[in-house]
């Protein structure tokens, strides 16, 4: 099997490099700003390998999900399909296997607990891509939890516990749940043809909106409690602005009835994710 230039660039696109950079940056910021780990410890090879191994598991998850979603994506976003077009399917499977095994191997070298969590995460991503995403709520909850786990992994690595990190992880879990639910609305046209039982397909757009509102309310409640207990006024002002933005998004969601509306709202949710990351710098 000869690897072509198209396969190489297809691999980079399918791996979602910008998303992996954000994951690594989030773990670094969590350690430095939330756990107050000295910078010299974050420059050690073991921590760099820890971030790299997490990125490998994430990249493998993106690739295998694209592999199994090719037919659905050809309907929902035909111009953006990578696996099966610019990146051949056999190489996608090979890349997934190599990334997974290497990420798990590095994890065990660093800490057996990290390696075990990587096994769980890679297995969950495979099951999500093949089975769980076809069942209502389970797929969305799986991705939300695995996103939360990337932050909790930092606590495992440093053998520490921080309520602040847990709070950020839970808030991130809720925001990702909302984002994935909006994504399901956008993707419903192709998913319904292949037996995917997502929230908007089973409960309709109104049901999906209700679920998003409930998740958003839970997120706002957690954020309000966090603000009340936090002595740092800079962070309080920052998140108060985020709360107002969330209310505005809720208003836009209630009015949304076209796909372009939901795509815009998904972009707004991405902005909240970035804002949450930026807020760590103020703690």
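Structure data summary
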quantity: Any hit, the range 74-86, residues being closer than 30 Å to residue 187 by Cα, in contact with a helix residue (DSSP H, G or I) (Cβ under 6 Å, 6 or more places away or on another chain), in a helix (DSSP H, G or I) and modelled with pLDDT under 90; calculated: yes
quantity: Breaking point among (1) more than 14 Å from residue 276 (Cα to Cα); (2) at pLDDT 80 or above, for residue 225; calculated: (2)
quantity: Meets criteria (closer than 21 Å to residue 19 by Cβ, assigned to a helix (DSSP H, G or I) and modelled with pLDDT under 95) for residue 60; calculated: no
quantity: Residues located in the range 119-176, provided they are in a loop (DSSP other than H, G, I, E, B) and without any contact (Cβ under 8 Å) to a residue 60 or more places away in the chain; calculated: 131, 159, 161
quantity: Test for residue 206: is it free of Cβ contacts under 8 Å to residues at least 40 places away in the same chain, surrounded by fewer than 18 Cβ atoms within 10 Å (Cβ to Cβ) and either over 26 Å from residue 272 (Cβ atoms) or not assigned by TED's automatic domain parsing to the domain that holds residue 277 (or both); calculated: no
quantity: Test for residue 192: is it over 18 Å from residue 211 (Cβ atoms) and outside any loop (DSSP other than H, G, I, E, B); calculated: no
quantity: Members of the range 86-118 found to be surrounded by fewer than 18 Cβ atoms within 10 Å (Cβ to Cβ) and closer than 27 Å to residue 197 by Cβ, listed by number; calculated: 89, 93
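The values are calculated or read from the model by the stated rules, or taken from the named source; none is laboratory data. In this text, all values refer to a predicted model and were calculated from it rather than measured experimentally. All Cβ positions, glycine included, derive from the backbone under ideal geometry; neighbour counts span all protein chains shown.
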